[in-house]
Amino acid sequence: MKNRLIHLFVTIVAGVFLVACSGGTSSPNYTVGGTISGLTSGSLVLKNNGGDALTISANSAAFTFATALASGSSYAVTVGTQPSGLTCSVTNGSGTVASANITNITLVCRTQIAYVTNVVGNTISMYAINASTGILTPLSTPTVATGSGPQYITTNSTGTYAYVLNGNSNTISMYAINASTGILTPLSTPTVVTGSSPSSIAINSAGTIAYVSNNGDNTIGVYAINASTGNLTQISTITLGNSPNNIVINAAGTLAYVTNGDYISIISLASNAVISSLPVNTGSAPQYITMNSTGTYAYVANGSSNTISMYAINASTGALTLVNAGTVATGRYPTKVAINPAGTFAYVANDSSNTISMYAINASTGILTPLSTPTITTGNAPQYITMNSAGTAVYVANYSDNSISMYAIMRVLEYLHP
């Protein structure tokens, strides 16, 4: 049975968005507004408390939401619509008005960046994503060194730090991300130790805690993230199942889901305890677990079963329940599911058949149905699949070819041409 770790990973860096406050209204109401950095093209839609939508044009330097808030009111600034070709993220975007205009929210927009772990070369390749075509172009510094056998890379939500799991050296390499270029620079403390054979890392939505699945010793390492330096410090260890592989955190930031053995275990992030008395059974050799953006459905690629397991997520408890169809067939040895931001289509990398399987997602049931053109070819041994934040381009890491396949999402996937 084939049960190896996924060796290549592509991640799209989230930009960091700046928002502060200007102007004022008559007491007792106070404004929420701010400044913008990096919005060089397109337009951006911001929302406060899920409404009060505000469209901001390129090259704007400041904004103010139309609705002022009374002291004691809560505010939560989010990005409603991203500008084309850029990613913008909010820092310090939520809180409570306390008899003053809000001035400490920050946002930054920047070109999207793709990072690829090279497991044999012990490096990270770094690319800019062309805003119009989606094509990848190496950065001026094209690679940065890692530890031995880099398996997985992730970034914090503000796009300021990146973390790489090194499966052979049992370490995490830690990097600062240059705000303007996206180039990675090792932190002054460049690495921290993990358990045996780390395979996946997930960061909570607040950016304060990182969780690392250690495939070789059946543990989850829990690390505090220093907000000022980005350094990780291990604070606890969770014992879990058999060979934990992939870990993801739900949108609410309350639960983590981990594939291990032929099961999925659920961890409470409040108590760092496994809360599912009986882990959910999936197919054989589950690889990655992927959730849709609303956190209502989860999909698990079962490598040895050649299937995707489809689950509904209980909104109250986080429990997983197989949807009516249970599973859908894939190509040989599926590794990862990618879902477009609208949650309408899913794409699966099939490692042993060198294809991507393509599906429509039923909005009511979450069930996957193959598209009229069900597959498209990739390079050799595709082991990871992701897409840009706009959901217009798909990228596949081909392990045996040392290449990234690039596709535009049209009616079906089409190769991008440089």
Task: Extended-chain gain in nm, criterion 0.36 nm per residue less alpha-carbon gap, THR40 and ALA70 - done: 7.5 nm
Task: nm² value of the averaged projected area, convex hull over the Cα atoms of the stretch 29-104 - done: 4.4 nm²
TODO: Mind checking the full-extension length gain between SER271 and ASN226? Use 0.36 nm per residue of separation minus the Cα-Cα distance, one decimal, nm.
DONE: 14.2 nm
TODO: Return a whole-number percent for the relative contact order of the chain, with Cα pairs under 8 Å and 6 or more residues apart as the contact set.
DONE: 10 percent
TODO: Could you tell me the distance between the Cα centroids of the stretch 53-124 and the stretch 378-399, to the nearest Å?
DONE: 26 Å
- [ ] With no solvent and one equal point scatterer placed on each C-alpha of the stretch 211-352, evaluate the Debye formula and give log10 I(q)/I(0) for q = 0.16, 0.19, 0.22 Å⁻¹, two decimals.
- [x] -0.84, -1.13, -1.39
Task: Directionally averaged shadow of the chain, computed from the convex hull of its alpha-carbon atoms, nm² - done: 19.4 nm²
Task: Gained length - THR296 relative to ALA176, 0.36 nm times residue gap less alpha-carbon distance - done: 39.9 nm
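With the cut-off at 20 Å, report for the stretch 106-235 the share of all Cα pairs above it, as a whole percent.
42 percent
Relative contact order for the stretch 29-104: what is it in percent, counting Cα pairs under 8 Å that are at least 6 residues apart? Walk me through the intermediate numbers first.
Numbers: 162 pairs, mean separation 28.8, N = 76.
It comes to 38 percent, rounded to a whole number.
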TODO: Specify, per residue and in Å³, the volume enclosed by the convex hull of the alpha carbon atoms belonging to the stretch 315-418.
DONE: 118 Å³
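Here, each number is a calculation from the coordinates, and none is a lab measurement. It should be emphasised that the depicted structure is a prediction, and the values quoted were computed from it without experimental measurement.
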